Each structure stands twice: as C-alpha cells, then as structure tokens.
Amino acid sequence: QVQLTESGGGLVQAGGSLRLSCAASGRTFRTYAMGWFRQAPGKEREFVAAISWSGAGTYYADSVKGRFTISRDNAKNTVYLQMNSLEPEDTAVYSCSARNGSPQRTGDEYDYWGQGTQVTVSS
C-alpha cells in the first residue's frame with residue numbers, strides 16, 4: 001500500500017514558477033513509477049509527466065515539455081514537479097500517482113493516487 005500527499009500548489013502569475021511535491025509512504029516507493037496528472041474544471045484528467053523508479057526515464061505531455069521537470073528523491077520518498085513559465089491554461093488540480101511497473105501516460109494504469117493540490121495561474 002502506498003499513500004501519496006501532494007503539496008506546493010497555490011496562486012501564481014503567468015510566467016511564474018511553482019514546485020509541487022508528492023510525499024509517499026511505504027518502503028517500496030523506490031520500486032514504483034510515478035506520474036503527475038491534472039484536471040481542470042469541466043475537463044478530463046490529463047497526463048502531465050511521469051518518471052521511472054530509478055529516475056532515468058522521464059516523460060512529458062507536449063503541452064508542458066520544456067517548461068516542467070519531473071524528478072524524484074528515493075531517499076526522501078518524494079517526487080517533484082518543477083513548473084516554470086506557467087500559463088493560465090495550466091490552472092488545474094494536480095495529482096500524483098504511483099504504479100508498480102513502467103511509467104504510463106494513462107491514468108487508469110496507476111494504482112495509487114493523492115488527493116491533489118490546486119494550481120491557479122492568473123493572467
């Protein structure tokens with residue numbers, strides 16, 4: 001069992017930055033691939049980024065590539081999402097997720113989810 005808790009969301013102006021954190025419980029964290037997804041009001045959940053258990057493999061949605069960076073610290077049981085050059089279109093609830101296997105871009109492939117953290121980007 002893995003429990004995930006996100007933090008770091010907030011209100012930021014367009015062009016600004018935020019760093020989201022996702023703290024995981026459980027000694028098996030380092031064996032899990034991790035993902036970040038987001039959901040804006042009235043929209044479907046969408047893939048943002050994912051990272052392999054070792055951190056060697058990272059994957060991004062085209063809409064965030066070059067602006068967002070996913071990373072992890074297995075010693076701290078934490079995965080991060082550094083978000084730069086934020087745009088109003090990035091406004092959403094961001095959730096982290098975990099799966100025992102390779103990183104995937106589909107939310108249904110993940111086994112564990114956090115509650116989410118709100119990110120609001122003002123124009």
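The values are calculated or read from the model by the stated rules, or taken from the named source; none is laboratory data. Values in this document were obtained by computation on a predicted structure and should not be read as measured data. FYI the Cβ positions are ideal-geometry reconstructions off the backbone, even for glycines, and counts take in every protein chain you see. Ligands, DNA and RNA are excluded from the accessible area calculation, which covers all protein heavy atoms including side chains. Shrake-Rupley method; radii C 1.70, N 1.55, O 1.52, S 1.80 Å.
Brief remarks follow.
- Dipole-positive endmost among 110, 85, 23 within the chain (Cβ charges, Cα centre): 23
- For region 52-116, the per residue solvent-accessible surface stands at 51 Å², with DNA, RNA and ligands left out and a 1.4 Å probe.
- Chymotrypsin sites (Phe, Trp or Tyr not before Pro) restricted to region 89-123 and DSSP loop, no more than 16 other C-beta within 10 Å: none
- Residue order for 11, 20 - accessible surface, 1.4 angstrom probe, largest first: 11, 20
- Magnitude of the charge dipole, region 47-123, Cβ model with Lys/Arg +1 and Asp/Glu -1, debye to 20: 240
- For region 9-67: Kirkwood Rh in Å [reciprocal of mean 1/r, alpha carbons]: 13.5
- Mean separation of Cα pairs under 8 Å and 6 or more residues apart, divided by the residue count, gives the chain a relative contact order of 36 percent.
- Take the convex hull of the alpha carbons in region 59-123; its mean projected area over all directions comes to 5.1 nm².
- When the solvent-accessible area of the chain is split by element, carbon and sulfur atoms take up 43 percent of it, the probe being 1.4 Å.
- Area projected by the alpha carbon convex hull of the chain, averaged over all directions, nm²: 6.7
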